[in-house]
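The values are calculated or read from the model by the stated rules, or taken from the named source; none is laboratory data. Since this is a predicted model, take the numbers as computed values, not measurements. A quick note on method: Cβ atoms are made from the backbone with ideal geometry, for glycine too, and the neighbour counts reach across all protein chains shown. Heavy atoms of the whole protein, side chains included, go into the accessibility calculation; ligands, DNA and RNA do not. Shrake-Rupley method; radii C 1.70, N 1.55, O 1.52, S 1.80 Å.
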Amino acid sequence: MSTAAAYSVLELGGTFRLSSPTYHTSVLITLPGDVHGALLANGEIPDPYFGENEKEVMWVNRTEWSVERSFEASAADVDGYLTLTLAEVDCIATIFLNGEAIARTDNSFVRHDIDVTGKVREGSNTLRIEFAVTRDVAKARAEAHPFPLPFTKNYQTNGLEGIHLNFVRKAQCHAGWDWGICLMPIGIYGTMQLRRSRLARQESVQVDQLHSHGAVELTIRTRIFAFTAGEVSISHAIDGQSIRETVPVHRGENLLIHGVRIENPRLWWPDGQGEQPLYELETELDGERTTRKLGLRQLEWVVEPDEIDHTFKCRINGRDITMMGANWIPADAIPSRITPEVIRDLLGSAKAANMNMLRIWGGGQYEPDCFYDLCDELGILIWHDFMFACMSYPSDRAFLASVREEVTQQVRRLSHHACIALWCGDNEVIGSLGWYPETRAAPERYVANYDRLNHMLGTIVEDEDPARRFWPSSPSMGYLDFSDGWHADTRGDTHYWDVWHSAKAFEAYRTVNPRFASEFGFQSFTSMNVIETFSEQKDRNPSSPVMENHQRNDGGNARILETMTRYFRFPRDFDQMVFLSQIQQGLAMKTAIEYWRSTKPRCMGTLYWQINDIWPVASWASLDYGGQWKLLQYMAKRFFLPVNVVAVPRHAELKTNSRGLPVEGAAPTQIVLKAVNDTAAEVTISLEVRAVKVGGGDRVVFSGSSAVGPDAAMAVATLDVADLAADEFLLFTWRDAAGKVLGENDYFPKPYKAYELPPVAVSASWAEGPAGPVLTLEADKPGLFTTVTVDQPGYFSDNAITLLPGRPTVLGFTPRHGGKFSAKELAATLSIRTLADTF
Ligand code: BMA
């Protein structure tokens, strides 16, 4: 053995030359990175997110690109066994080392470890990667397939051509979605390294947990690849314990298993339920050192018969915990912009809104390691789909082999994370069998085709991560149940889309009682300052071509506007319309989530669609592209409070229209206030309910205390609507035993448009508090959805709030991206508005 260290890494990321046989400018590209990002940085293309530029840059994904760099290797760098590791090569490419084709890639979710021993020379070397045009390959594969596999209608939004992405393993939303731009990015986003090993390299380190009697047994499964037979030295260290041994290995993959017992582990809990202690596991194989952070917790899914049908709930450390959160899509359509900082910002906002679960949706991607590390750190559980969505996929041997490698690698990479709660086969693929003429015409064929892939996914989870639950699809009714579970609310998870996609009244949310609502959503426009980044003044009209291009769901803008006419007075201008659309979106989600939470323990999860945007667009997201909080994000922070009080209207008879749908705003006869307690301890709350006149003046209509048991929901007050005057709404505040305000909520028995809202004057004063600037608001009349904004990046402690005269409200401000602003700076850009300003 040489005297050099046993293991070393030469980073191959950096500056490459980007060129194409058909596009004769050669520019520099930074890898890891993507072609669109490089062309944009070099001024070769306009900003694809601006106006309708998407159409102008479509040529980029129809071009054959190649990237090339030379790199120097020293004598020490090439003395040993060499692996070229490339992760997330997007997508179909040939890799050349010193002119020799050494590998082909065609699955961007697979990490490639290419044996290049003897192929890298001391001195100068050349690495070149040539990318094929994905859409051409996809089309050829679709045409050669023995029967049609239609692609999702989401690829046809705004007149763009469709593409058979179900034949290619890359993020399915890269060709657009009903919220996504079609860019079809090309690039390499993950690790690019030349690794030199003495004899073997690490492939994966997995850790299984078995909790019992106040201790946890960890089983550490280390996979290593040995270039030849011999002996390696391996060690693991965790919590003051260490294991070190020299083991014989055979050529190829070797599995080493070690056990560690930790007594009295400090348990990891999801956000809002306890701490997130992390134990560090350090692994060393012949000098190759890796670390993993482990949250120790017991996690099970309880899916078993009950008096309704079947439960569907997540049990953590022995407690059934309600999951609250949203669906996650890739953070940017230009992949090089998905930096750890961007991910940290978005996940930080999820936590700040009291979320404890995100669902990584199957039309996107497996996220980078830092995503899962942060979720472990923040206490955010992950419902993880595998990457299939909304259409049928091939099930031939070559496709299944590629997916097997992908899913096996991903499960091995991620299974040690405390945050991973569930592996789910796909998004809506079962449901999609009913969407296309081809699949409808031959259901048996497509179900069999589906099951070949889906069954394989389940067996991979069983083999690779036996402690975790595999759930076949989202939504699903359960094991080998291929019926369309979208509207079933007695078992499994539910996607309830009738309010948005079928234009039902918000009240329709209260006509279904899901066990776990994994998708439901309502759109709004992205905030005005974001619209300004992609439009000119003339475009700021909901039916302008630019605004329509930034709306990818057919009829979406019309749906937003039409819904306004049902609940609100029509907004007086574009800016107010944008603002009102966000109030409306928040109300839709509030209606659903408050009601479903109040049915606990029937419903044990609500994940709305969706938390983030991939580009600036009108969508269901609660965060604007760039991470700014829309009003839904603020409302989520309130409707996800662990201890909450919600209003559930009761109708003597729910009026329905000719289609049998609830008539919006049909006045209830009673309002039941229900307290929801998602904590492990009983809480005693004192509740005060006031009837408030929209023009000012209020009276107390209920006050009383209730003890609400742990993990329970119960009715705490019932009020007759007949006792309220026509201009009154309910405002209720609950406090803990010490009198501290735990929360506040309100309820309007009639649609907002029915109330005569007078203009409201809100005054603001700023002060420097110990934890940063504080803003005090006071209104001369009840201020509904009072919203404050500043130009600086950050979010207020609350927003879209109800102000009452004579009752100052104090707000804090949390800067984003590590900013720091004085009260004076924030005051300079403050703007305030209320619902009364919208018409
Ligand atoms: C769901 C998702 C996505 C889609 C969303 C909005 O069902 O799974 O496919 O973006 O609806 O239509």
Item to check | Selection within region 478-502 - of a type in the set (A, V, I, L, M, F, W, C) and modelled with pLDDT under 95 | outcome: L480, F482, W486, A488
Checklist outcome for this item: In region 541-565, anything open to solvent by 10 Å² or more (accessible area, probe 1.4 Å), in a helix (DSSP H, G or I) and of a type in the set (S, T, Y) is listed as T565
Checklist entry - Going by the conditions given, is N42 within 30 Å of E532 (Cβ to Cβ), surrounded by 15 or more Cβ atoms within 10 Å (Cβ to Cβ) and among the polar types (S, T, N, Q)? => result no
Checklist outcome for this item: Of the residues in region 377-398, those that are free of Cβ contacts under 8 Å to residues at least 60 places away in the same chain and either among the aliphatic types (A, V, I, L, M) or within 15 Å of the ligand (Cβ to nearest atom) (or both) come to I382, H384, A398
Item to check | Pairs with Cβ under 8 Å, 6+ apart, first in region 414-440 and under 17 Å from T152 (Cβ atoms), second within 14 Å of the ligand (Cβ to nearest atom) and in a helix (DSSP H, G or I) | outcome: I430/G485; G431/G485; G431/W486; W435/K153; T439/S432
Checklist entry - Taking into account only those residues within region 341-376 that are away from the ligand (no atom under 16 Å from the Cβ) and over 19 Å from A418 (Cα atoms), which is surrounded by the fewest Cβ atoms within 10 Å (Cβ to Cβ)? => result E341
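For region 625-647, which positions are assigned to a strand (DSSP E or B), open to solvent by 20 Å² or more (accessible area, probe 1.4 Å) and in contact with a helix residue (DSSP H, G or I) (Cβ under 9 Å, 6 or more places away or on another chain)? Can you show your working first?
Let us first name the residues in region 625-647 that are assigned to a strand (DSSP E or B), namely 629, 643-647.
Those left that are additionally open to solvent by 20 Å² or more (accessible area, probe 1.4 Å): 643.
Scanning region 625-647 gives no hits.
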Checklist outcome for this item: Condition set in contact with a Phe, Trp or Tyr (Cβ under 8 Å, 6 or more places away or on another chain), in a helix (DSSP H, G or I) and not hydrophobic (A, V, I, L, M, F, W, C), scope region 571-581, selection nearest to the ligand (Cβ to nearest atom): answer is S581
Checklist entry - Within the bounds of region 510-521, is there any residue that is away from the ligand (no atom under 16 Å from the Cβ), open to solvent by less than 20 Å² (accessible area, probe 1.4 Å) and not small (G, A, S)? => result yes
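Results for (1) among the small types (G, A, S); (2) touching an Asp or Glu at 6+ places or on another chain (Cβ under 9 Å); (3) within 30 Å of Y279 (Cβ to Cβ); (4) assigned to a strand (DSSP E or B), shown as yes or no for each residue.
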| site | (1), (2), (3), (4) |
| --- | --- |
| N166 | no, no, no, no |
| C173 | no, no, no, no |
| I181 | no, yes, no, yes |
| Q206 | no, yes, yes, yes |
| Q209 | no, yes, yes, yes |
Item to check | Subset of region 767-792 [within 14 Å of V810 (Cα to Cα) and open to solvent by 60 Å² or more (accessible area, probe 1.4 Å)] | outcome: E768, P770, A771, E778
Checklist entry - R62 fails exactly one of the following numbered conditions: (1) under 34 Å from the mean Cα position of the chain (by Cα); (2) surrounded by 15 or more Cβ atoms within 10 Å (Cβ to Cβ); (3) not acidic (D, E). What is the number of that condition? => result (2)
Checklist entry - Among the residues of region 11-31, is any within 32 Å of the chain's Cα centre (by Cα), among the hydroxyl-bearing types (S, T, Y) and open to solvent by 60 Å² or more (accessible area, probe 1.4 Å)? => result yes
Next on the checklist: Please determine whether any residue of region 415-425 is in contact with a helix residue (DSSP H, G or I) (Cβ under 8 Å, 6 or more places away or on another chain), of a type outside the set (V, I, T) and within 16 Å of the ligand (Cβ to nearest atom).
Outcome noted: yes
Next on the checklist: With the condition being free of Cβ contacts under 8 Å to residues at least 24 places away in the same chain, I'd like the strands (runs of 3 or more DSSP E) fully within region 1-94 carrying at least 2 qualifying residues.
Outcome noted: 27-31
Checklist entry - Of all residues in region 151-172, which are of a type in the set (A, V, I, L, M, F, W, C), surrounded by fewer than 23 Cβ atoms within 10 Å (Cβ to Cβ) and within 14 Å of the ligand (Cβ to nearest atom)? => result F151
Checklist entry - So which residues in region 216-235 are open to solvent by less than 10 Å² (accessible area, probe 1.4 Å) and under 33 Å from the mean Cα position of the chain (by Cα)? => result V216, L218, I220, T222, I224
Next on the checklist: Considering only region 125-133, I want to know if a residue exists there that is crowded, with 19+ Cβ neighbours inside 10 Å and within 16 Å of the ligand (Cβ to nearest atom).
Outcome noted: no
Next on the checklist: Would you confirm whether or not region 192-215 contains a residue that is in contact (Cβ under 8 Å) with a residue 60 or more places away in the chain, β-branched (V, I, T) and surrounded by 17 or more Cβ atoms within 10 Å (Cβ to Cβ)?
Outcome noted: yes
Checklist entry - Looking at region 79-96, is at least one residue small (G, A, S), at pLDDT 95 or above and open to solvent by 20 Å² or more (accessible area, probe 1.4 Å)? => result no
Next on the checklist: Out of everything in region 592-624 that is hydroxyl-bearing (S, T, Y) and open to solvent by 10 Å² or more (accessible area, probe 1.4 Å), what residue ends up being nearest to the ligand (Cβ to nearest atom)?
Outcome noted: Y595
Checklist outcome for this item: Condition set surrounded by 13 or more Cβ atoms within 10 Å (Cβ to Cβ), hydroxyl-bearing (S, T, Y) and more than 27 Å from G806 (Cα to Cα), scope region 672-716, selection farthest from the chain's Cα centre (by Cα): answer is S706
Checklist entry - Of all the residues that make up region 483-502, how many are open to solvent by 10 Å² or more (accessible area, probe 1.4 Å) and without any contact (Cβ under 8 Å) to a residue 60 or more places away in the chain? => result 10
Checklist entry - Can F568 be described as touching a residue at least 40 places away in the same chain (Cβ under 8 Å), more than 16 Å from the ligand (Cβ to nearest atom) and open to solvent by less than 20 Å² (accessible area, probe 1.4 Å)? => result yes
Item to check | Answer residue from region 722-742, given it is under 39 Å from the mean Cα position of the chain (by Cα) and not in a strand (DSSP E or B) and is surrounded by the fewest Cβ atoms within 10 Å (Cβ to Cβ) among those | outcome: A738
Next on the checklist: Can you report the number of residues in region 454-482 which are touching a residue at least 40 places away in the same chain (Cβ under 8 Å), in a loop (DSSP other than H, G, I, E, B) and open to solvent by 20 Å² or more (accessible area, probe 1.4 Å)?
Outcome noted: 5
Item to check | Residue pairs meeting the criteria (Cβ under 8 Å; at least 6 apart or on separate chains; first more than 24 Å from I380 (Cα to Cα), in region 254-280; second polar (S, T, N, Q)) | outcome: L255/T222; L256/T222; I257/T219; I257/T222; H258/T219; H258/T222; G259/T219; V260/Q241
Item to check | Matching option when the condition is within 30 Å of R491 (Cα to Cα) and acidic (D, E), among D320, D286, D239 | outcome: D320
